[in-house]
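Worksheet for the structure shown next.
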Amino acid sequence: MKLRNWSLITGLCVASLILGHSARAHHSTAMFEWGTEKTLSGTIERYEWTQPHTFIWISVPGRQGKMQEWGLEGMSPSWLGRRGWSLHSLNAGDKVAVVYYPLKDGRPGGFYVRVTSPDGKTLEALPTRNQR
Amino acid sequence: MRRKVVPVAWVAAACAALLSACGSQSPPTVQIPPSSPSAGVASEASNPYASLAKLPDWNGVWDVTFRPPQPGQAPAADPKFTPPYQKQWDKFQALNKTQKGLNFVSEVASCIPPGLPQSMTQPYPIEFLFTPGRVTILIETEGLTRRIYTDGSPPPESPDPSFQGTSVGHWENDTLVVETSAILPETSPVNGINGHSDKLHITERIHLADPDTLEITTTRNDPAVFVEPYTTNVYYKRHRDWKIMEYVCEQNNHDALDANGNPAFSLKHKPGE
């Protein structure tokens, strides 16, 4: 690779670090505790491979064993599809652990960051240091 | 007599054949002249598409990236605003310091398309189509289309305002220069500012900075908003193997602004569920 290409890539990395997620969203992220990672373990109800965002509906054991539905927004099919995801990445009935940024208002929802299946396979759903 | 009958019979037979041919559904055949030494090179007069051969290669899909100032370049300066817009800008900057992530509050969250120039810096890629006398930019976000007429005809005198405005362009060597006006005044000319006058004029200079990097220099001119024209440079990385995807914002949007225009998040199931 030519030196100037490396310079460009380095520059892009720095720019991504400066701009962070803000350059990759079509809306404000003010409703989330952005950057605060929480984890949910549960069973996928539905994975919606839709615009402008993908969406995970997941059933999670709550208090006294009662199941609660959580809704987690994610990056778009356009972004995820170009980075290893597909509409078949998650399926109803899959038991997964999801790392997410929670809603500030305490409702059962947030923005998903990565998903790990029982076989230990993890899919990243936001830019990581390597993807920048 | 026999000599006269024969020609008449031939004429009748020829007419019958002609009528038969005219009444049939088969397409007429076209006689292709034998090739001459110069026949392989179509002239622009006979084939307008031949004019495209001299344009630069912008094939593939372009993903917007942001590049900080390079060594020797000055850092990007803040726009210089007129007093009412300076007030809006200061308020936006102050809010962003106290509310992390507020920086993209706009109607775009509610699926109202971004207008020019914000439509060119959305998180999803763009592509270019060259046809004779026109460049078309397809923007994945919201499935937007920009038609840039490069045939030399003047822009219409008083076009209806629209999100992407009315554009004419011309080539200066390998740089496409696009002039756009008639942009809807409720759109955003720069992040943090909502609205502008009907005088907003955008000039874009688009060229390859290196074989797989497209640079767009965008100048915003609106005396109601900017004290002096405000220029930014944005870079796009080429992905020859990507395809532009369909984008229907209303399909499953959970992020529409609330009644007060503030960021919100809905946990309602999508339509039809």
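Bear in mind that the values in this text are calculations on the coordinates, not laboratory data. Just so it is clear, the structure is predicted and the values come from calculations on it, not from any experiment. Please note: Cβ atoms are built from the backbone with ideal geometry, for glycine as well, and neighbour counts cover all protein chains shown.
Data for the structure
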| item | result |
| --- | --- |
| Flag if B:Arg220 is among the charged types (D, E, K, R), more than 16 Å from the chain's Cα centre (by Cα), assigned to a strand (DSSP E or B) and away from every other protein chain (no Cβ under 14 Å) | yes |
| Any hit, region A:75-84, residues being touching a helix residue (DSSP H, G or I) at 6+ places or on another chain (Cβ under 6 Å) and either away from chain B (no Cβ under 14 Å) or surrounded by 19 or more Cβ atoms within 10 Å (Cβ to Cβ) (or both) | no |
| Filtered residues of region B:119-150 (kept if among the aromatic types (Phe, Trp, Tyr) and touching a residue at least 24 places away in the same chain (Cβ under 8 Å)) | B:Tyr124, B:Phe128, B:Phe130 |
| Residues of region A:33-51 satisfying the condition of being in contact (Cβ under 8 Å) with a residue 60 or more places away in the chain and either surrounded by fewer than 16 Cβ atoms within 10 Å (Cβ to Cβ) or closer than 23 Å to A:Gly81 by Cα (or both) | A:Trp34, A:Gly35, A:Thr36, A:Glu37, A:Lys38, A:Thr39 |
| Unmet requirement for B:Pro159, which otherwise passes all of (1) within 12 Å of chain A (Cβ to nearest Cβ); (2) in contact with a strand residue (DSSP E or B) (Cβ under 6 Å, 6 or more places away or on another chain); (3) part of a loop (DSSP other than H, G, I, E, B) | (1) |
| Enumeration of residues in region B:241-273 that are over 17 Å from A:Glu73 (Cα atoms), among the aliphatic types (A, V, I, L, M) and within 24 Å of the chain's Cα centre (by Cα) | B:Ile244, B:Met245 |
| Residue within region B:107-127 that is surrounded by fewer than 22 Cβ atoms within 10 Å (Cβ to Cβ) and over 30 Å from B:Asn262 (Cβ atoms) present | yes |
| Selection from region B:88-117 of residues that are part of a helix (DSSP H, G or I) and either more than 11 Å from B:Gly192 (Cα to Cα) or of a type in the set (A, V, I, L, M, F, W, C) (or both) | B:Trp89, B:Phe92, B:Ala94, B:Leu95, B:Lys97, B:Thr98, B:Leu102, B:Phe104, B:Glu107, B:Val108, B:Ala109, B:Ser110 |
| Conditions (1) out of contact with any helix residue (DSSP H, G or I) (no Cβ under 6 Å at 6 or more places or on another chain); (2) under 23 Å from B:Ile244 (Cα atoms); (3) surrounded by 20 or more Cβ atoms within 10 Å (Cβ to Cβ); (4) not aromatic (Phe, Trp, Tyr); number of the one not met by B:Pro211 | (3) |
